[in-house]
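Peer 1: One structure, pasted below without further comment.
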Amino acid sequence: RNSLPDPSHLKDMDKAVTRLIKAITSKEKIAVFGDYDVDGATSSALFKRYFQALGLDITIYIPDRITEGYGPNIKALEYLKSKGNTLVITVDCGTTSFEPLARAQEIALDMIVIDHHIAEPNLPEAIAIVNPNRLDQHNSPCQDCAAVGVVFMTLVSLQKALRAQGHFADIKEPNLLHFLDLVATGTVCD
């Protein structure tokens, strides 16, 4: 616990957590759009397990590598919106998905990007882009993290904020250490 950096040092982390708390307290439909590799799968599973521990269900969408390719695509985001999702979190992808994220904005689908890939000078439109390898993110100790590590840092920040708001008065607080198997697997495989 004492070895982790403060997650709030990551640009847009606080924006991401604020939007996640709004979705949790409003019981919005949330989807995670994950990459199809181990890092994306473990990142998706990490969110799924955390939200289940909160007593919430979320949708996981992993694109078909052959027919959909890498990263969020317009058809998939339109599908997720048609199923009632109001928030999509991309994991291990999304930092350079300009057209799909612009379409999401057009259809009022909020997007949070949690990624670790090197960014371009400009970023797509999103509620938050949490990525230690944004070009405007300087000297982050998380620059070598896989996406699953960035997701874990997001959950640390989210849990801290939920605790401060008294969210765990009626439900058991998830033990984040129980999720480190996924973090380790995604990190080693990536």
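Peer 1: Can you find, within region 73-87, the residue that is least open to solvent (accessible area, probe 1.4 Å) among those that are closer than 12 Å to Ile30 by Cα and touching an Asp or Glu at 6+ places or on another chain (Cβ under 7 Å)?
Peer 2: Top of the filtered list is Leu87.
Peer 1: Identify, from the list Asp12, Asp37, the residue that is under 20 Å from Cys189 (Cβ atoms) and surrounded by 15 or more Cβ atoms within 10 Å (Cβ to Cβ).
Peer 2: Being under 20 Å from Cys189 (Cβ atoms) and surrounded by 15 or more Cβ atoms within 10 Å (Cβ to Cβ) holds for just one of Asp12, Asp37, which is Asp37.
Peer 1: Let me ask another. As an exercise: evaluate Ala161 against (1) part of a helix (DSSP H, G or I); (2) over 17 Å from Val91 (Cβ atoms); (3) without any contact (Cβ under 8 Å) to a residue 24 or more places away in the chain; (4) not aromatic (Phe, Trp, Tyr) and give the number of the one condition it does not meet.
Peer 2: (3)
Peer 1: Also, quick follow-up: Among the residues of region 168-181, is any crowded, with 18+ Cβ neighbours inside 10 Å and in a loop (DSSP other than H, G, I, E, B)?
Peer 2: Yes - at least one qualifying residue is present in region 168-181.
Here is a yes/no grid of residues against (1) open to solvent by 10 Å² or more (accessible area, probe 1.4 Å); (2) modelled with pLDDT of 95 or more; (3) under 18 Å from Lys81 (Cα atoms); (4) in contact with a strand residue (DSSP E or B) (Cβ under 6 Å, 6 or more places away or on another chain):
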residue: Thr96; (1), (2), (3), (4): yes, yes, no, no
residue: Glu99; (1), (2), (3), (4): yes, yes, yes, no
residue: Ile107; (1), (2), (3), (4): yes, yes, yes, no
residue: Asp110; (1), (2), (3), (4): yes, yes, yes, yes
residue: His116; (1), (2), (3), (4): yes, yes, no, no
residue: Asn122; (1), (2), (3), (4): yes, yes, no, no
residue: Asn131; (1), (2), (3), (4): no, yes, no, no
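Peer 1: When you go through Arg49, Arg103, Arg1 one by one, which is the residue that is in contact with a Leu (Cβ under 8 Å, 6 or more places away or on another chain), open to solvent by 50 Å² or more (accessible area, probe 1.4 Å) and within 26 Å of Asp190 (Cα to Cα)?
Peer 2: So the residue among Arg49, Arg103, Arg1 that is in contact with a Leu (Cβ under 8 Å, 6 or more places away or on another chain), open to solvent by 50 Å² or more (accessible area, probe 1.4 Å) and within 26 Å of Asp190 (Cα to Cα) is Arg49.
Peer 1: I'm trying to understand the selection: among the residues of region 135-148, which are open to solvent by 10 Å² or more (accessible area, probe 1.4 Å) and either within 15 Å of the chain's Cα centre (by Cα) or within 16 Å of Ser44 (Cα to Cα) (or both)?
Peer 2: Cys145 - this is the single residue of region 135-148 that is open to solvent by 10 Å² or more (accessible area, probe 1.4 Å) and either within 15 Å of the chain's Cα centre (by Cα) or within 16 Å of Ser44 (Cα to Cα) (or both).
Peer 1: Taking the stated definitions as given, is Glu78 in contact with a Lys or Arg (Cβ under 8 Å, 6 or more places away or on another chain) and part of a helix (DSSP H, G or I)?
Peer 2: The answer is yes for Glu78.
The values are calculated or read from the model by the stated rules, or taken from the named source; none is laboratory data. What you see is a predicted model, and the numbers here were worked out from it, not measured in a lab. Because the Cβ atoms are built from the backbone with ideal geometry, glycine has one as well, and the counts that use them run over all protein chains shown. Side chains included, ligands, DNA and RNA excluded: accessible areas come from the protein's heavy atoms. Shrake-Rupley method; radii C 1.70, N 1.55, O 1.52, S 1.80 Å.
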